[in-house]
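Q: Below: one structure in structure tokens.
The values are calculated or read from the model by the stated rules, or taken from the named source; none is laboratory data. Just so we're clear, the structure is a prediction, and the values are computed from it rather than from any experiment. Quick reminder, even Gly has a Cβ in these numbers, built from the backbone with ideal geometry, and neighbours come from all protein chains shown.
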Amino acid sequence: MAAADAPTRPSFPVTKIRRPLLRGGLVDRSRLEDDIAQALTHGGVTLLCAPAGWGKTVALARAVARLPAGAALAWVSLDEDDDVPRLLGCLLAALDPFDLPWRIDPDALAAMAMQPAHLRRVADELLNALAAADVPHGVLVLDDLHRVREAPAFELLDMLAQQLPPPWTLALATRVDPPLALARLRVRGELSEFRQPVLAFVPAEIQALRDLLGQPGVAAPAGDELLARTEGWPAGLRLCLSTGRAGSAPGGEAQRLVFAYLAEEIFATLPAELREFLLQVSVLHELRASRCAAVAQDPRALQRLEDIERRGLFASVLDVGDELTLKLHDLFRDFLQDRLRREQPEAWCELLRRAAAGETDPLRRIAYMLQAGDWDAAERQLVDATPGLLPQGGGAQALRLAEQFPPERQATSPRLALVRGLVAFPGFAWRTMQEAMQCAVDGFERAGEAGPLAQARAFNALALTATGRVDDGRAELEAIGPLPPVLALQAQVQVGRYWSTGALGPADGPASCVRHLVDILANGAPPSLWFSCAPHFMLIGRAGMNAALAQYVSMARAVAGDGHAPLRAVANILDAWLLMWRGELDAAEARFAEVDGDNRWLGEPRNLRIPILAFRAVRHALRGDVEPFRALGVEVLADVDGDPQRRGTWRGVYLYMQARMAAGLEDWDTAGCMYGELLRTPAAQEWPYLAHARAAVGAQFALRDGRLDAALQALRPAAAVAHEIDSFGLHATACLLLAQAELSAGDAPAAARALAPLLGAQGRDELGGVLLTGASVLRALVGADWRGALDGRGLAVLQRWLALSEGLRGARPAAEREAPAPAVRGLAVHPLSERELEVLQRIAEGDSNKLIARQLDLSPHTVKRHVANILDKLALASRGQAAAWYRANEARL
């Protein structure tokens, strides 16, 4: 089952990746800005570290304006709620205009980054893309780094800082030293530092500021006194010169108190309407006219913002397009919020509610509600937002928000329990998910909330089944009752029923559920829902299942188009399984090649790992490739053994698959090892069919050793019921082995009866199970004396199966056979497709990814994937190398 949505770029305000605009009314600090600009072109890490008000952001913004023409700039302003996926998502979005040659979907990297084990790989992919970028120089700016709290974020930044390729510089603006290996960078000469002594105003700059702020009638302190009292603190100097007072020296809490005191004096001189406006909009992170008008309910919001900018009231202008957008200095915003809470406590919560109502970023929206103490509304918003956060790597953010509720709500709220369960789902943490969903079910049941109760029951049923409690899972599904007309809930219930009927029957239950699921999804479900509800390959071969899966594959491909690679990959892997199960192994391998490419591009996501490993294992078993089959078996078992959430239920499944296929290959050593492990694996949490699976594998050994009574005793009950709870072709294996045992016992009519389900309509989809049982079994059945118990048609079917099995064994995959390389337009031979050649031609003409997407009517996401394919196929590192290759070979194309 696919448990995660498509990895898409995290949702965040565009203001986070816009550098502040340079405005008039600033002191000329060419000396400082030239030094910073020189450091930025030097490479390595440039660190601006000083407390608030020392002009770090302004100095950095003006320095990057001095970079050479053509330099790439990616600016990210950080917030308190930024964790690794969100930070990385912002950085990748800021880098998007520069068309880095990604080898893994950049949208997938943010989701990968939420797993600590993948941080190194994420860093390597980003470093490689930066190294291959076609830019003369680039700067990555992380402003307000002190706001980031998560250690993994600094682990990632340290990896980048230590190995940043020469064309790039990492610029960090922060109030405190970040927990990076700064000493190592200093020793290597890769750290440029700008701290308070360098950022402080010198006497000439103080005089320039005095001239700039020249206000008749204001008795400003003398320059020497200002320098002595403020130590050149830029914000303090501006305030002192504006008010005619000299503040105490900056530093720690004293700086905050001085700033608040002076700001209040400035604030008191403002017109009453502007003061009230500033207080009300201080709840916002950024001040945009439309947002300010809604929160302050002031139709003159734009004029107010223009007035704030004109007065230089500790606000910077952000480059976000046509609409004027300001960002208040943190300390000034803190002062305003503190005054608002003290003087208008009743307005504070109402303003936060208005801010939440117009906020598009779900994390900020929920944070507003939490600040306002609207616990119920915040819970509902968090439940609604969590499914959208999960594919973006936002599970940790959802949990962090849940932890901000009062402790008693965290312990008792069914909605917060539902959130914990939803976060556990993508990682297949079935036990954690089941415990959380059970709490949600109990809570919603007590509260009488039917809609959320149905949702919690559906997920709880899925988790119960996945942990081997299949009877409890079915009971939970039956308790759901009538469903509200919510498409996602109806689809999820069908997924739960799919697994329940897969475990307990009836035989055609899973196929019926897939058909109903497709009917539901066809009513306008987005690709993400198609993806999260994808059927699992292990029930292939059940009655009617192949046709139902084929319908899902066809429609899912159409929904995915060229813009949803995860859904396309899931559909293609199911299609590859369907083709292989029909014995069309060449076609299955060709389809699997597409999956392999998608898997690499998506960063080898967890939901594709087992279907791909299992496909490869079955392919090698059908080809008779013993050593590769053994190696994959070890890898599959290592995967499940390393996951305590899945091991109890799924270890037996994979042991049976390996033992059964190894016996079919006559690799009895491996089969014996796997069968021994299967017998020792506890059965308390496993699916019902595994009892018959153990019997079938044991019967294979009994037949090999001539113990017919033991084989018959095991196979007769297994063959009689396996079709009802069949998984992975167990029914076909049980029927074939029973026929062989009955023939060996001299009962040809009984052997024919055993084969009847496979030879009739019921078994026409069972070809994969037949082939995996092994050529030796088919050979014995074809060569047996049936004494008229099996008619000519039945014998012909057996002969066809044997011919197919023997034909597959030892045959090289189609992709490895001699075949002419593809000819494009009849002019040249090379590995590129027609579409890839078109994209390459556009690259050679200097077009950006966005322009190529418009010209060829593709999504930018698809163009990135084509670029990755081109570079892989031509063994090139960058778009520039690809353009050079095209120009060198253009005459022959």
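To keep it simple, each residue is scored yes or no on (1) among the aliphatic types (A, V, I, L, M); (2) in contact with a helix residue (DSSP H, G or I) (Cβ under 8 Å, 6 or more places away or on another chain).
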position: 638; (1), (2): yes, no
position: 646; (1), (2): no, yes
position: 651; (1), (2): no, yes
position: 655; (1), (2): yes, yes
position: 667; (1), (2): no, yes
position: 670; (1), (2): no, yes
position: 682; (1), (2): no, yes
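Q: If you go through region 649-657 one residue at a time, do you hit one that is part of a helix (DSSP H, G or I), more than 16 Å from residue 727 (Cβ to Cβ) and either hydroxyl-bearing (Ser, Thr, Tyr) or in contact (Cβ under 8 Å) with a residue 40 or more places away in the chain (or both)?
A: No, because not a single residue in region 649-657 is part of a helix (DSSP H, G or I), more than 16 Å from residue 727 (Cβ to Cβ) and either hydroxyl-bearing (Ser, Thr, Tyr) or in contact (Cβ under 8 Å) with a residue 40 or more places away in the chain (or both).
Q: Now for a separate question. What's the number of the condition residue 479 fails, among (1) out of contact with any Asp or Glu (no Cβ under 8 Å at 6 or more places or on another chain); (2) surrounded by 21 or more Cβ atoms within 10 Å (Cβ to Cβ)?
A: (2)
Q: Can you tell which of 576, 590, 571 is of a type outside the set (S, T, N, Q), farther than 27 Å from residue 119 by Cα and surrounded by fewer than 24 Cβ atoms within 10 Å (Cβ to Cβ)? Full working, then the answer.
A: Details: 576 fails: surrounded by fewer than 24 Cβ atoms within 10 Å (Cβ to Cβ); 571 fails: surrounded by fewer than 24 Cβ atoms within 10 Å (Cβ to Cβ).
Going through 576, 590, 571 in turn, the sole match is 590.
Q: Quick check: anything in region 157-177 under 28 Å from the mean Cα position of the chain (by Cα), closer than 21 Å to residue 75 by Cβ and among the acidic types (Asp, Glu)?
A: yes
Q: Another one. Can you tell me which condition residue 687 does not meet? The list is (1) surrounded by 17 or more Cβ atoms within 10 Å (Cβ to Cβ); (2) of a type outside the set (Lys, Arg); (3) free of Cβ contacts under 8 Å to residues at least 60 places away in the same chain; (4) outside any helix (DSSP H, G or I), and all the others hold.
A: Here residue 687 clears every test but (3).
Yes/no matrix, rows are residues, columns are (1) among the aliphatic types (A, V, I, L, M); (2) under 22 Å from residue 390 (Cβ atoms):
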position: 89; (1), (2): no, yes
position: 122; (1), (2): yes, yes
position: 132; (1), (2): yes, no
position: 139; (1), (2): yes, no
position: 143; (1), (2): no, no
position: 157; (1), (2): yes, no
position: 173; (1), (2): yes, no
position: 180; (1), (2): yes, no
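Q: Here's another thing I want to ask about it. Kindly provide the set of residues from region 77-111 that are over 21 Å from residue 599 (Cα atoms) and touching an Asp or Glu at 6+ places or on another chain (Cβ under 7 Å), ordered by number.
A: 77, 78, 83, 84
Q: Oh, and also: When you check residue 125 against the structure, is it crowded, with 19+ Cβ neighbours inside 10 Å, in a helix (DSSP H, G or I), assigned by TED's automatic domain parsing to the domain that holds residue 57 and not hydrophobic (A, V, I, L, M, F, W, C), yes or no?
A: Here the answer is yes, as residue 125 does meet what is asked.
Q: So, one more: Sort out which residues of region 615-647 are crowded, with 21+ Cβ neighbours inside 10 Å and small (Gly, Ala, Ser), and write them in order of number.
A: 617, 621, 633
Q: If you don't mind, there's one more thing I want to ask. Restricting the search to region 181-205, which residues are more than 24 Å from residue 26 (Cα to Cα) and part of a loop (DSSP other than H, G, I, E, B)?
A: Matches in region 181-205: 181, 188, 189, 190.
Q: Something else about it: Mind listing whichever residues of region 149-162 are closer than 19 Å to residue 111 by Cβ and outside any helix (DSSP H, G or I)?
A: 150
Q: Just name the residue that is modelled with the lowest pLDDT out of those in region 756-808 that are among the charged types (D, E, K, R) and buried (at least 18 other Cβ atoms within 10 Å of the Cβ).
A: Checked region 756-808; the qualifying residue modelled with the lowest pLDDT is 765.
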